[in-house]
Amino acid sequence: MAAVIRDCSSAPIDPSLRALLLFVDKAARDASTITSADIGAVRECGWTDDAIYDAITVCALFNFYTTWVGSSGVEPLHDYRPSGERLARDGYVPE
């Protein structure tokens, strides 16, 4: 994870995942520069339109939330470990 955060383009990850993460990075930084060639490159790596749509949606939501939190004065959560442990144990929908 640290290698991906430091430099996704050289991180030791599957090339198809790298392509998707670089696409999402570009979308997050300046979505207006995304072209059909960018989407085509991700498709060529095996990602379906549904998967690309999901990645764009997650990216957009994170941009929204970080902008909202940063602008509203709401304190961000600094320790995600308890939430991650709960989600790993119980999933998203408690039974």
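Couple of notes before you dig in:
- Dipole in debye (nearest 20) - the chain, about Cα centre, beta carbon charges: Lys, Arg +1; Asp, Glu -1: 220
- Across the chain, Cα pairs under 8 Å and at least six residues apart give a relative contact order of 20 percent.
- The P(r) of the chain has a tail past 23 Å containing 41 percent of all C-alpha pairs.
Computed from the coordinates by the stated procedures, all read-outs in this text should not be read as laboratory data. Predicted model, so just to flag it, every value in this text is computed and none were measured. All Cβ positions, even for glycine, are placed from backbone atoms using ideal geometry, and neighbour counts span all protein chains on display.
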